1. Kindly indicate whether TYR227 is farther than 17 Å from PRO291 by Cβ, over 14 Å from the mean Cα position of the chain (by Cα) and either open to solvent by 60 Å² or more (accessible area, probe 1.4 Å) or assigned by the TED database to the domain that holds VAL296 (or both).
2. Criterion first (in contact (Cβ under 8 Å) with a residue 12 or more places away in the chain, part of a helix (DSSP H, G or I), surrounded by fewer than 23 Cβ atoms within 10 Å (Cβ to Cβ) and touching a His at 6+ places or on another chain (Cβ under 9 Å)) does VAL216 satisfy it?
3. For segment 230-288, enumerate the residues that are among the β-branched types (Val, Ile, Thr) and either outside any helix (DSSP H, G or I) or closer than 14 Å to LEU325 by Cβ (or both).
4. Among (1) open to solvent by 10 Å² or more (accessible area, probe 1.4 Å); (2) outside the structural domain of ILE294 (by the TED database), there is one condition ILE241 misses while meeting the rest; what is its number?
5. Where the second residue is open to solvent by 10 Å² or more (accessible area, probe 1.4 Å) and of a type in the set (Ser, Thr, Tyr) and the first is under 15 Å from SER175 (Cβ atoms) and lies in segment 20-46, which pairs have Cβ atoms under 8 Å and are six or more apart or on separate chains?
6. Quick one: VAL207 ticks every box in (1) more than 28 Å from GLY311 (Cβ to Cβ); (2) of a type in the set (A, V, I, L, M, F, W, C); (3) under 16 Å from the mean Cα position of the chain (by Cα) bar one, so which box is it?
7. Taking segment 551-568 as the search range and keeping residues that are surrounded by 12 or more Cβ atoms within 10 Å (Cβ to Cβ) and closer than 15 Å to LEU438 by Cα, which one is modelled with the highest pLDDT?
8. Consider HIS470 carefully, then state whether it is open to solvent by 40 Å² or more (accessible area, probe 1.4 Å) and farther than 30 Å from TYR212 by Cα.
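The values are calculated or read from the model by the stated rules, or taken from the named source; none is laboratory data. Every value quoted in this text rests on a predicted model; they were computed, and no experiment measured them. Backbone-built Cβ (ideal geometry, glycine too); neighbour counts: all protein chains shown. Heads up: the accessible areas ignore ligands, DNA and RNA and are worked out on the full protein's heavy atoms, side chains in. Shrake-Rupley method; radii C 1.70, N 1.55, O 1.52, S 1.80 Å.
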Amino acid sequence: MGKINLLTKDTFNKIAAGEVVERPASVVKELVENSIDAGATEIYVEIQAGGEELIKIVDNGEGILEEDLRNAFLPHATSKIRTADDLFSIQTMGFRGEALSSIASVSKILTRSKTREQDGREILIEGGEIRYEKYSSMDQGTLMEIRDLFYNVPARKKFLKTPSREGSIISEIVSKISMAHPSISFRLVVDGKEMLRTYGTGNQKDVIRQVYSKKVHDHVFYFENHYDSFSIFGFIGHEEISRGSRAHETIFVNKRLVQSKVITTAAEKAFKSFATSSRFPFFVINIEIFPELIDVNIHPQKAEIKFEDDGHMFKSVFGTIHQSLREGLQETFRIQEEEEPDRYEQLRHPETGPVRIDIPVDVTKDPRVVKIEEDKKALDAMKREGAVRHQDSMLKESFEELKADTVPAARPEENTGKPTAKFPMPRIIGQFRATYILTEIQDELYIFDQHAAHEKINFEKYMEEIKNGHVAAQGLLIPEILDLSMDDHQLYLENKEVLKEAGFLLEEFGDRSVAIREVPIFLGKTEAAPYFHEILDNIRNLGKGSKEEVKYLRIATAACKASIKAYEELTMEEMRHLIETLRFIEEPFSCPHGRPTLVKLTEKDMQKMFRRIV
């Protein structure tokens, strides 16, 4: 008996579904792109339980002809291409003819459709088998309801994330597709709650406002450039809205959502020319190019493309975004010149006589005596001002010491665990550039990074508080209001309890806004919003199934950046207090990000530098 088996129709359909239908978001993407190809101007998307129970897509496109309704669900059946040559000039979102047959083989799909000339039709398919087909009254367009996704492939369900996370992925897909098609009105409903609505104004910046927030909308620069075979346009964000992940990087090629290392690298390098931190930019890049110059048939989900000339594309994207950022920043700092007053305006006013002021003068005093008295008064005023400044300085030092006291020194006699010092207390020499603390122990020079040291102290103290369930938090007098993107808001909902245990008390404040009411006390008076965004990025990068302890670690790593900063002057007492506390923590030699907190230079190292020894 031969070893080669001919697979059944059901088997190879499920194999094809494994490539095309990776998760519920893949279904939504394929069906929404079909609606776009049908010329729809309004698209409604509804999901339940992350798309596993229900995915519903309704559009007002041209509809499916009665004679094509059955054929639409056959393998490799498509209206987009006819021959292999058409693959090199694709103008539509879809073209393979695999999506509907693959979806139908692993779900129960109900389809209603009506064209302008014909009556509506309805068809129900379960597991690839047609159950019935009949007439149906409806308006022009198409409705598709996919229920019980992967009901006949239970092994696939094991690899899905939680319903809330799958719903978040679908929200991200729909929101990004809506940015590529600003002239189409999109509406997304997740578990009965409207998550997104765009109005089809044709302005991409309006959609960015709906998808992200007003802050993002107000901090982007528009760019546009045209070349012989393609055009580049879109928006690049200011450093203020940069993030710790690539979640807000979006690329469209001929309005198709794609991933491209060439374009991503070019945009990030252009952004870093004007950024002071190693973060990822916000951008929406649109490229309109002749279809013959790209290959979109290199990925099962059509998520990647290949350019004919990667080098030219890289230079073009880099140059366009670099120029936009340069001009945008120049415009930001441009000061409008004041208009000069009309120099001839005074000629219109009537002339007035001279104004005489009587100043009493004591003629009995010698002018030299008067001068000495004036100098004495000025000297007394300077002394009083010096005293005030000295008093202000004393108050400032008291305040800084009080701030430092929020991280009490872990002395052995005060701690029941009796921690031991990890290095001897050095003699403090001073502070260099208000950043590094110079100290000495015997014949060795120790240099402390004050920010890294304080950061590690706060980190260990914070992690200990989380472990014991007693995080010292402070209420904000005026809560900070944050407008979150759909993805960030969903991530917040998933980790609300984790954030609360870490000292962040947040409340819903509108559709996708939250109010920060309490923060860990060591954050002090800094704004909590930047740290909260970084915390969300850290949690996002962990992926599925991360333990609570790992999430707490990421939260602490981001939050501890609120420690003493570089270029912040410290008194001798504050430097002594900082180093004394650092000596008794568990791991004093590196900060939470892996950078050293102190370095050592021996006398021999110094002699080598000055070539006293070879």
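1. Here the answer is no, as TYR227 does not meet what is asked.
2. yes
3. Correct list: ILE232, ILE236, ILE241, THR250, ILE251, VAL253, VAL258, THR276, VAL284, ILE285, ILE287.
4. (2)
5. Correct list of pairs: ILE43/SER185.
6. (3)
7. Among residues in segment 551-568 that are surrounded by 12 or more Cβ atoms within 10 Å (Cβ to Cβ) and closer than 15 Å to LEU438 by Cα, the one modelled with the highest pLDDT is GLU568.
8. So HIS470 passes the test.
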